[in-house]
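Before any comments, here is the structure.
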Amino acid sequence: MALAQYVTAMAYSNVGLGIAHSMAHTLGAVYDTPHGVACAMMLPIVMEFNQEYTGEKFKAIAEAFGVDTAGMDQAAYRKAAIDAVRQLSVDVGIPTKLEKLREEDLPFLCESAAADACAPGNPRHAELADFEAMFRKLM
């Protein structure tokens, strides 16, 4: 496991992780949300935000979940991938809302996520208003 973690860390250190991790770091710091849970909560939300910038990557994700993408256009298989990831989170008990998230915390959360070291690895640049819209989906 240590070797697997080491190799994985080498991989993501070279490419960056994106804003799902940036936002999860912030949720963990402010609300003590476990990082894996926060990542799983943010992932389908960030996938929706990024979908126009992913080429055909979401097709492979949909297929990995068993979706037959034959005959699907890009919009359909992107939606299928996002829906499959969202459903997996629900199936394993990941919350879809963060009850602790407060309106008055949004500016700090957004600024922190935007400044996080993982943000530059995202395929689409996110403005503060984008972060706010995504965090609001947890409310």
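The values are calculated or read from the model by the stated rules, or taken from the named source; none is laboratory data. Treat the numbers as computed from the prediction; the structure is a model and nothing was measured. Here the Cβ positions follow ideal geometry from the backbone for every residue, glycine too, while neighbour counts run over all protein chains shown.
Report yes if residue 20 is more than 11 Å from the chain's Cα centre (by Cα), part of a helix (DSSP H, G or I) and within 24 Å of residue 120 (Cβ to Cβ), otherwise no.
Working: more than 11 Å from the chain's Cα centre (by Cα): no; part of a helix (DSSP H, G or I): yes; within 24 Å of residue 120 (Cβ to Cβ): yes.
Criteria not met by residue 20.
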Name the pairs whose Cβ atoms lie under 6 Å apart, with the first residue in the stretch 76-98 and charged (D, E, K, R), the second modelled with pLDDT of 95 or more and in a helix (DSSP H, G or I), and 6 or more positions between them or separate chains?
-> 78/51; 78/58; 86/44
Scope the stretch 117-135; condition modelled with pLDDT of 95 or more, in a helix (DSSP H, G or I) and under 18 Å from residue 25 (Cβ atoms); matching residues | 128, 130, 131, 132, 134, 135
Is one or more of the residues making up the stretch 38-50 touching a His at 6+ places or on another chain (Cβ under 7 Å) and under 19 Å from residue 136 (Cα atoms)?
-> yes
Scan of the stretch 31-41 for residues that are under 19 Å from residue 111 (Cβ atoms) and touching a helix residue (DSSP H, G or I) at 6+ places or on another chain (Cβ under 6 Å), ordered by number | 33, 38
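Take the stretch 88-116 and flag every residue that is among the small types (Gly, Ala, Ser) and either surrounded by 12 or more Cβ atoms within 10 Å (Cβ to Cβ) or assigned to a helix (DSSP H, G or I) (or both). Spell out the reasoning first.
Of all residues in the stretch 88-116, those among the small types (Gly, Ala, Ser) come to 89, 93, 112-115.
Once the filter is applied, which keeps residues that are among the small types (Gly, Ala, Ser) and either surrounded by 12 or more Cβ atoms within 10 Å (Cβ to Cβ) or assigned to a helix (DSSP H, G or I) (or both), the stretch 88-116 yields 89, 112, 113, 114, 115.
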Selection from the stretch 40-62 of residues part of a loop (DSSP other than H, G, I, E, B) and not acidic (Asp, Glu) yields 54, 55
Check the stretch 73-81 and report whether any residue there is polar (S, T, N, Q), out of contact with any Asp or Glu (no Cβ under 8 Å at 6 or more places or on another chain) and within 23 Å of residue 125 (Cα to Cα).
-> no
Determine, yes or no, whether residue 3 is in a helix (DSSP H, G or I) and either in contact (Cβ under 8 Å) with a residue 40 or more places away in the chain or not hydroxyl-bearing (Ser, Thr, Tyr) (or both).
-> yes
Unmet criterion (only one of (1) out of contact with any Asp or Glu (no Cβ under 9 Å at 6 or more places or on another chain); (2) touching a residue at least 40 places away in the same chain (Cβ under 8 Å); (3) closer than 19 Å to residue 33 by Cα) for residue 130 | (3)
